[in-house]
Amino acid sequence: MDLAGKNVLLTGASGGIGHALAEAFAKQGAKLVLSGRRATELEALAERVSGRVVVADLAKRKDVTRLLAESGEIDVFVANAALPGSGALEEYSTAQLDRALEVNFRVPIVMAHELAPQMVARGSGALVFISSLSGLAATARSSIYNATKFGLRGFALALHEELIGTGVGVSAVLPGFISDAGMFADTGLQVPPGFGTRKPEDVAAATLKAIADNTGEVLVAPPLDRLGAKLGGMAPNLAGRLQRLGLVGDITEKMAAAQKSKR
Ligand SMILES: NC(=O)c1ccc[n+]([C@@H]2O[C@H](COP(=O)([O-])OP(=O)(O)OC[C@H]3O[C@@H](n4cnc5c(N)ncnc54)[C@H](OP(=O)(O)O)[C@@H]3O)[C@@H](O)[C@H]2O)c1
């Protein structure tokens, strides 16, 4: 798909990866609708990429309806917004649980349900779901995030198959640890020994390529991290044993502590 002049709706535009996605789409000449809760960040970004801002709290259903109504005709939808969803299940209130499930999982599906038929009717469009390597392999103190990212990946892969031949592409993008900006970089933590990072710009480039090729799933991480996640997905019992032997160190506890305010 040639993105020049195409209308792109990007959620989570105010975040680290959202900024890189917005810049990458703008470079291709796309017209952006930028969404998030933080108006100031969004307005500053909109000025740089000539985008239009729609402030919306995706945990509020009326905001989701308004976002869809105010976005107009959309050619490319990128479901990028998410909460970190880190920490032990027992630490979560039901309200916090609901918020993470809503923003990370239900809203991308509801928005795709609204947008996909219009794209199919036009015979052209793309839906992108930013999942995670946490959509492939599970870790302790990440049950909520794992649930949403496994779920989003499954949804995207099924819809990808469902819409083959309609002119509408569907892709799941699975980043590993991302440096420089975004929810991992914001913690200030180092990745565990043996793990590596990619940059927000790598996620953006992979997203544009996934749209161009209509790739069902793309992983954005160094080769060893990709292999580890794939093996973790194929052999979860072994992966669990390796984690108990210290494969990922104490990163999940530290991330949960650093991201507690974002529940
Ligand atoms: N960074 C990583 O290492 C990494 C790795 C794998 C996958 N990912 C995925 O990449 C995507 C982007 O993450 P990021 O790293 O850029 O994180 P981030 O900087 O924390 O950005 C998260 C974005 O989600 C938005 N958001 C959160 N709650 C919202 C709500 N209730 N309503 C509307 N928007 C909401 C935030 O907007 P406001 O704060 O303005 O509301 C922000 O724009 C996420 O899906 C994440 O799971 C990230």
Please verify whether the stretch 211-226 includes one or more residues that are touching a Ser or Thr at 6+ places or on another chain (Cβ under 6 Å), among the β-branched types (Val, Ile, Thr) and away from the ligand (no atom under 15 Å from the Cβ). yes
Can you tell me which residue in the stretch 192-202 is farthest from residue 246 (Cα to Cα), limited to those that are assigned to a loop (DSSP other than H, G, I, E, B) and within 13 Å of the ligand (Cβ to nearest atom)? 199
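Mind telling me which of the residues 240, 249 ends up being surrounded by fewer than 17 Cβ atoms within 10 Å (Cβ to Cβ) and in contact with a Pro (Cβ under 6 Å, 6 or more places away or on another chain)?
On the way: 240 fails: in contact with a Pro (Cβ under 6 Å, 6 or more places away or on another chain).
It is 249.
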With the condition kept exactly as written, say whether any residue in the stretch 193-210 is in contact (Cβ under 8 Å) with a residue 12 or more places away in the chain, hydroxyl-bearing (Ser, Thr, Tyr), surrounded by 17 or more Cβ atoms within 10 Å (Cβ to Cβ) and under 16 Å from residue 172 (Cβ atoms). yes
If you go through the stretch 27-40 one residue at a time, do you hit one that is among the hydrophobic types (A, V, I, L, M, F, W, C), surrounded by fewer than 20 Cβ atoms within 10 Å (Cβ to Cβ) and without any contact (Cβ under 8 Å) to a residue 60 or more places away in the chain? yes
Within the stretch 94-124, take every residue that is touching a residue at least 60 places away in the same chain (Cβ under 8 Å) and over 15 Å from the mean Cα position of the chain (by Cα) and give me the one that is farthest from residue 73 (Cα to Cα). 96
Mind checking which residues of the stretch 61-76 are among the small types (Gly, Ala, Ser) and surrounded by fewer than 15 Cβ atoms within 10 Å (Cβ to Cβ)? 69, 72
Scanning the stretch 175-191 for residues that are more than 16 Å from residue 145 (Cβ to Cβ) and more than 9 Å from the ligand (Cβ to nearest atom) gives 180, 188, 190, 191
Residue 134, sole failed condition from (1) among the hydroxyl-bearing types (Ser, Thr, Tyr); (2) within 12 Å of the ligand (Cβ to nearest atom); (3) touching a residue at least 24 places away in the same chain (Cβ under 8 Å): (3)
Residues being surrounded by fewer than 15 Cβ atoms within 10 Å (Cβ to Cβ), within 13 Å of the ligand (Cβ to nearest atom) and part of a loop (DSSP other than H, G, I, E, B) - total across the stretch 80-131: 0
State all residues of the stretch 203-241 that are assigned to a helix (DSSP H, G or I) and closer than 24 Å to residue 258 by Cα; if no residue qualifies, say none. 203, 225, 229, 240
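Read-outs throughout are calculated quantities, based only on the coordinates presented, and are distinct from any laboratory measurement. The model shown is predicted, which means the values in this text are computed figures rather than measured ones. Cβ atoms come from the backbone with ideal geometry, glycine included; neighbour counts cover every protein chain shown.
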